[in-house]
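Reading through the structure tokens given below for one structure.
The values are calculated or read from the model by the stated rules, or taken from the named source; none is laboratory data. None of the values given here were measured: they were computed from a predicted structure. Cβ sites come from the backbone with ideal geometry, for glycine too, and all protein chains shown count toward neighbours. Remember, those area values only see protein heavy atoms, side chains included, never the ligands or the DNA or RNA. Shrake-Rupley method; radii C 1.70, N 1.55, O 1.52, S 1.80 Å.
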Amino acid sequence: MSDIRVKICGLGTEADIKAVSDAGAAYAGFVFFPKSPRNLTTAQARALALLTPPGLAKVALVVNADDALLDEITDQVPLDMLQLHGRETPERVQEIRARYGLPVMKAVGVASEEDLPALDSYGRVADQLLVDAKPPKGAELPGGNGLAFDWRLIAGRRWPVPWMLAGGLTPANVALAVQMTGARQVDVSSGVESAPGVKDAARIAAFAEAARGI
């Protein structure tokens, strides 16, 4: 499973960047959502992005962002991808792809079979899909809640674009998640933290090793 690609989201310090790079991750995620304990200003994100070594893709996570915010982020922060984690419609995904010229990953929350058709819809307009656990009703955060979903719902399923598994993954369960779903990419945030928004280098390394079956 050494070809599994790992994304560590919600980075906030230079030490986080080093830990993610040392772990051999493929993606580094920066959060732009004020309600999140992982929220960054554009200035903070720019400083971290400039420290990110080549080969580690820089991803900006936004939630229902308007063009003004996206303009600010893309003007200030050198990025490789935008991750849309809100209620963006397929039409909005297409607009953002066209306006910014960056690959777009669309997060889709899954709790039951009723949620699966949305993956087909977004798979026709996004560059990648993030298959995440659907947040509970009333949740403040659309992701990063440490919740998993029933992985059997997507076992063996494929979409028109590459996809990434997220939601409640940890160093202890990521190998099983990969085995059950066939995912070739995995995303983690709270599962490698010692406290909300505080990344743990040892957990990051352990997660990457477990995901890749090392």
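Got at least one residue in segment 83-103 being of a type in the set (A, V, I, L, M, F, W, C) and touching a Pro at 6+ places or on another chain (Cβ under 8 Å)? No, segment 83-103 contains no residue that is of a type in the set (A, V, I, L, M, F, W, C) and touching a Pro at 6+ places or on another chain (Cβ under 8 Å). Scanning segment 25-44 for residues that are outside any strand (DSSP E or B) and either open to solvent by 60 Å² or more (accessible area, probe 1.4 Å) or not charged (D, E, K, R) (or both) yields Ala25, Ala26, Phe33, Pro34, Lys35, Ser36, Pro37, Leu40, Thr41, Thr42, Ala43, Gln44.
Report whether or not Ala45 is under 15 Å from Met81 (Cα atoms) and touching a Pro at 6+ places or on another chain (Cβ under 7 Å). No; evaluated as a whole, the condition is false for this residue. Which pairs do you get when a residue that is without any contact (Cβ under 8 Å) to a residue 40 or more places away in the chain and farther than 23 Å from Val59 by Cβ, found in segment 107-126, comes within reach of a residue that is open to solvent by less than 30 Å² (accessible area, probe 1.4 Å) and in a loop (DSSP other than H, G, I, E, B), reach meaning Cβ atoms under 9 angstrom, with the pair 6+ apart or on two chains? Close Cβ pairs (under 9 Å, with a partner that is open to solvent by less than 30 Å² (accessible area, probe 1.4 Å) and in a loop (DSSP other than H, G, I, E, B)) amount to Ala111/Phe149. Looking across segment 1-22, the residues that are of a type outside the set (Val, Ile, Thr), at negative phi and open to solvent by less than 10 Å² (accessible area, probe 1.4 Å) come down to Lys7, Cys9, Leu11.
Note on segment 24-35: residues that are farther than 14 Å from Ala65 by Cα and either without any contact (Cβ under 8 Å) to a residue 12 or more places away in the chain or among the basic types (Lys, Arg) (or both) amount to 0.
If you go through segment 148-194 and keep only what is open to solvent by 40 Å² or more (accessible area, probe 1.4 Å) and assigned to a strand (DSSP E or B), you end up with just Ser194. Taking each residue of segment 36-56 that is modelled with pLDDT of 95 or more and looking for partners that are among the basic types (Lys, Arg) and open to solvent by 70 Å² or more (accessible area, probe 1.4 Å) with beta-carbon atoms closer than 9 Å, six or more apart or interchain, yields Leu51/Lys18.
Restricting attention to segment 133-147, which residues are part of a loop (DSSP other than H, G, I, E, B) and at pLDDT 85 or above? Residue satisfying the conditions is Lys134 alone. The number of residues in segment 100-113 that are of a type outside the set (A, V, I, L, M) and over 14 Å from Leu84 (Cα atoms) comes to 3.
Tell me, yes or no, whether segment 198-207 has at least one residue that is in contact with a helix residue (DSSP H, G or I) (Cβ under 9 Å, 6 or more places away or on another chain), open to solvent by 70 Å² or more (accessible area, probe 1.4 Å), within 20 Å of Val131 (Cβ to Cβ) and touching a residue at least 40 places away in the same chain (Cβ under 8 Å). No, segment 198-207 contains no residue that is in contact with a helix residue (DSSP H, G or I) (Cβ under 9 Å, 6 or more places away or on another chain), open to solvent by 70 Å² or more (accessible area, probe 1.4 Å), within 20 Å of Val131 (Cβ to Cβ) and touching a residue at least 40 places away in the same chain (Cβ under 8 Å).
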